[in-house]
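Worksheet: the structure to be examined is printed underneath.
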Amino acid sequence: MQIFPNGTMRYSSSGSDLDEEGMPIPVPQRQMAEVRCTITTLTEHSRGRYEDGKYRASSYSVTLNSEDVAADFAPSVVTLVHDRKGNLGTFQVQRVEYYDITQTIEIWV
């Protein structure tokens with residue numbers, strides 16, 4: 001299945017990705033792989049909410065082609081950059097689903 005990319009996702013799958021407060025630890029950009037993807041906004045509001053020990057104002061779904069990543073793809077922290085909205089931030093991965101029929105991967109952050 002073909003996706004229609006509207007941004008990029010930089011991801012890291014190594015090391016300790018959360019500090020003692022549960023916040024993502026910044027990963028140097030040179031250590032992160034990059035892939036084109038479709039970014040869909042699930043929630044985005046100005047008030048935000050306190051969730052999992054942190055203030056959270058938005059959540060996203062990211063869809064990408066499974067052929068664009070290695071077979072052992074297991075991201076733990078991602079940085080999303082939307083083509084129109086710019087840098088959306090760095091997020092901890094909440095869930096990853098692999099869809100074999102469509103050869104896509106969906107990630108919730």
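The values are calculated or read from the model by the stated rules, or taken from the named source; none is laboratory data. Just so it is clear, the structure is predicted and the values come from calculations on it, not from any experiment. Glycine gets a Cβ as well: all are built from the backbone with ideal geometry, and neighbour counts include every protein chain shown.
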| remark: Screening 22, 15 for residues that are touching a Lys or Arg at 6+ places or on another chain (Cβ under 8 Å) and either small (Gly, Ala, Ser) or at pLDDT 75 or above (or both) leaves only 22
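Each row is one residue, and each column tells you yes or no for (1) over 14 Å from residue 34 (Cα atoms); (2) touching a Cys at 6+ places or on another chain (Cβ under 8 Å); (3) of a type in the set (Ser, Thr, Tyr).
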| site | (1), (2), (3) |
| --- | --- |
| 62 | no, yes, no |
| 66 | no, no, yes |
| 78 | no, no, no |
| 85 | yes, no, no |
| 90 | no, no, yes |
| 98 | yes, no, yes |
| 103 | yes, no, no |
| 108 | yes, no, no |
| said: Out of 55, 98, I need the residue that is modelled with pLDDT of 85 or more and surrounded by fewer than 14 Cβ atoms within 10 Å (Cβ to Cβ). Which one? | reply: 98
